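The block underneath contains the structure these notes are about, expressed in structure tokens.
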Amino acid sequence: MFNIVLVNPQIPNNTGAIGRLCVNTGSTLHLIKPLGFDITEKAVRRAGLDYWHKIDLKVWENIEEFFESTQQSDRFFFATTKTDRPYFDISFKEGDYLFFGSETSGIPADILEKYPQQCMTIPMTKDGRSLNLAISTGIILYEAIKQNFTAYGRMM
């Protein structure tokens with residue numbers, strides 16, 4: 001199992017798609033407030049997310065609360081366009097935390113600066129600025145699964 005951490009996500013459809021990824025991969029979804037949308041049962045049902053109750057979901061009031069409660073910082077990996085290190089150069093392990101920032105501003109710079117060796121990017125041409133949050137999450141999550149398929153397959 002892996003941990004997907006969304007820092008201040010803004011677009012409910014992206015979070016819904018990532019939630020679906022988490023259900024289908026057995027991953028835990030961590031949402032760091034503030035969120036750009038409502039995740040009450042009524043709101044997610046209205047959005048058609050009828051599988052939301054199946055998500056292993058943890059919601060945190062802020063990034064500080066998350067960091068205080070999670071002591072595995074050596075297994076934190078941060079997706080960003082502000083590094084040259086491709087995600088496929090990282091050796092992922094079960095239980096890793098894969099961080100993704102908000103659609104509008106990414107992961108805060110102070111966090112990236114604190115963990116420069118744990119930053120990763122998805123290579124892109126110079127014509128593009130970034131990829132959709134849900135697509136980026138899927139690319140990196142499935143690379144982590146690929147690297148751990150034997151161990152991961154036993155968990156499913």
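We did not get these values from a lab; they are worked out from the coordinates using the rules stated. It should be emphasised that the depicted structure is a prediction, and the values quoted were computed from it without experimental measurement. In this analysis, Cβ positions are derived from the backbone assuming ideal geometry, glycine residues included, and neighbour counts consider all displayed protein chains.
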- Within the stretch 43-141, trypsin sites (Lys or Arg not before Pro) in DSSP loop having at most 15 other beta-carbon neighbours inside 10 Å: Lys82, Lys93, Lys126, Arg129
- Query: Between exposed GluC sites (Glu not before Pro) in the chain, where DSSP calls loop and at most 16 other Cβ atoms lie within 10 Å, what's the longest gap?
  - Reply: 95-156
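Estimate the FRET efficiency between Glu61 and Thr40 by the formula 1/(1 + (r/R0)^6), using the beta-carbon distance for r and 25 Å for R0, to the nearest 0.05. Mind showing how you got there, number by number?
On the way: r = 16 Å, r/R0 = 0.64.
FRET efficiency, Glu61 to Thr40: 0.95.
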- Message: Using a Cα-Cα cut-off of under 23 Å, which lysines could be cross-linked to Lys33, ignoring same-chain neighbours fewer than 8 residues away?
- Response: Lys42, Lys54, Lys58, Lys82, Lys114
